[in-house]
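Shown next, in C-alpha cells, is the structure this report addresses.
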Amino acid sequence: MAIVTTPVLRALALEKTYAPLASGAQGLQLFRDLSLEVAAGEMVAVVGESGAGKSSLLHLLAALDKPTSGQVLCGDLDVTLLTAKQAAEFRNRDIGYVWQFHYLLPEFTALENVAMPLLARGVPRKQALTQAALWLDRVGLGDRGHHRSGELSGGEQQRVSIARALITQPKLLLADEPTGDLDNTTAQRVFDLLLGLHREHSLASVLVTHNLDFAARCDRVLRLREGRLIPA
Ligand SMILES: Nc1ncnc2c1ncn2[C@@H]1O[C@H](COP(=O)(O)OP(=O)(O)O)[C@@H](O)[C@H]1O
Ligand SMILES: [Mg+2]
C-alpha cells in the first residue's frame, strides 16, 4: 500500500508583483505561478542567486507578507487570508523561523530570548524559563543560559535562535541562510544541529542556503529562478 502523506505546507500559483514607486523605481514581478509542497519530515533546500526572491518567498510562507494572488496553505488554513493579528498567532503556533541575522535581543539573557515566544503567548514566566533551559540544553548551550545574548559568539547566537524557533513545537521550520554569516566549521555544526532537530521532530522544513553541500544533504533541492521553483 502506498503511504500517502498530506503536505504540511502548500503554496499554490503564487504571484508577487511590486508596483512601480513614485520615486521612479521600476515595478517587479517577483513570482509567477510558483508552487511548492513540503511534507512532514521533509527538508527542502531552496537555492538561487542573490535577489532571486528567496527571503521574499519565506516571508509569504510565514504570512509576514501577502502574495498578489495565489494561496499558501498550512494544513487546511489559507494563511494569505489572515488578519495581521491572526497571522501573528499562526506564526507563534505553527512556524519556527531562523534568520540569517539572529535578531536576538542583546540585553536579554539567552534563556529569556529562548523563552520569548512562550511569554508572548501568555505562558507563565517560570514555566517558560524552565522550557527554555531544556531547549538551550538541546542546542548544546545548557551552561550559557544566564549570559546576555550579545556576549555570545555568532555560532552560539544562532543556536539560541534555533532553540527560540523550536520551543513552541512548530510544524514548519523556515530557515533563511541560517549559516550565511558563520565560518565553515561553525556553519557545519549549526547545519548538523538543524538537520538533527528537523529529523527528531519530523518537521516540514524549508532551508534557504548558498551552501551546495548542505543543500545536497536535504531531501530535495529547488532553485528559485525567474519567479518559479525548479528542481536543481
Ligand atoms: N517591498 C519591496 N518592494 C519592492 N521590491 C522589493 C521589496 N522587497 C523585496 N524586493 C525586491 O525583491 C527582490 C528579491 O529580494 P529577496 O527576496 O531579498 O531576494 P534573495 O533573498 O533571494 O536575495 C529584490 O530585487 C528586492 O529588491
Ligand atoms: Mg535573502
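The values are calculated or read from the model by the stated rules, or taken from the named source; none is laboratory data. These figures come from a predicted structure and were not determined experimentally. When we count neighbours, we look across all protein chains shown, and the Cβ atoms used for this are built from the backbone with ideal geometry, even at glycine.
Observations, loosely collected:
- Count of region 34-60 residues, restricted to those that are of a type outside the set (Ser, Thr, Tyr), within 16 Å of ligand 1 (Cβ to nearest atom) and touching a strand residue (DSSP E or B) at 6+ places or on another chain (Cβ under 7 Å), is 13.
- Among the residues of region 78-91, the one identified as touching a helix residue (DSSP H, G or I) at 6+ places or on another chain (Cβ under 7 Å) and either basic (Lys, Arg) or not in a helix (DSSP H, G or I) (or both) is LEU82.
- All strands (runs of 3 or more DSSP E) inside region 178-232 with 3 or more residues being surrounded by fewer than 19 Cβ atoms within 10 Å (Cβ to Cβ): 220-225, 228-231
- Tally of residues being crowded, with 19+ Cβ neighbours inside 10 Å and assigned to a strand (DSSP E or B) across region 12-56: 12
- Unmet criterion (only one of (1) closer than 30 Å to LEU30 by Cβ; (2) exposed (fewer than 15 other Cβ atoms within 10 Å of the Cβ)) for PRO124: (1)
- Taking the listed residues VAL47, VAL38, the one that is away from ligand 2 (no atom under 16 Å from the Cβ), modelled with pLDDT of 95 or more and within 19 Å of the chain's Cα centre (by Cα) is VAL38, with no other qualifying.
- Within region 167-177, if we keep just the residues that are part of a loop (DSSP other than H, G, I, E, B) and more than 16 Å from ligand 1 (Cβ to nearest atom), the residue that is nearest to TRP135 (Cα to Cα) turns out to be ILE167.
- So ALA63, is it assigned to a loop (DSSP other than H, G, I, E, B), more than 13 Å from ligand 1 (Cβ to nearest atom), in contact with a helix residue (DSSP H, G or I) (Cβ under 8 Å, 6 or more places away or on another chain) and at pLDDT 95 or above: yes
- Here LEU166 clears all of (1) surrounded by fewer than 21 Cβ atoms within 10 Å (Cβ to Cβ); (2) touching a residue at least 60 places away in the same chain (Cβ under 8 Å) except the condition numbered (1).
- Exclusive hit being surrounded by fewer than 19 Cβ atoms within 10 Å (Cβ to Cβ) and either aromatic (Phe, Trp, Tyr) or within 28 Å of SER50 (Cα to Cα) (or both), set GLY140, GLY154, GLY96: GLY154
- Among the residues listed as GLY70, GLY96, the single one being under 19 Å from SER161 (Cα atoms), in contact (Cβ under 8 Å) with a residue 40 or more places away in the chain and in a strand (DSSP E or B): GLY96
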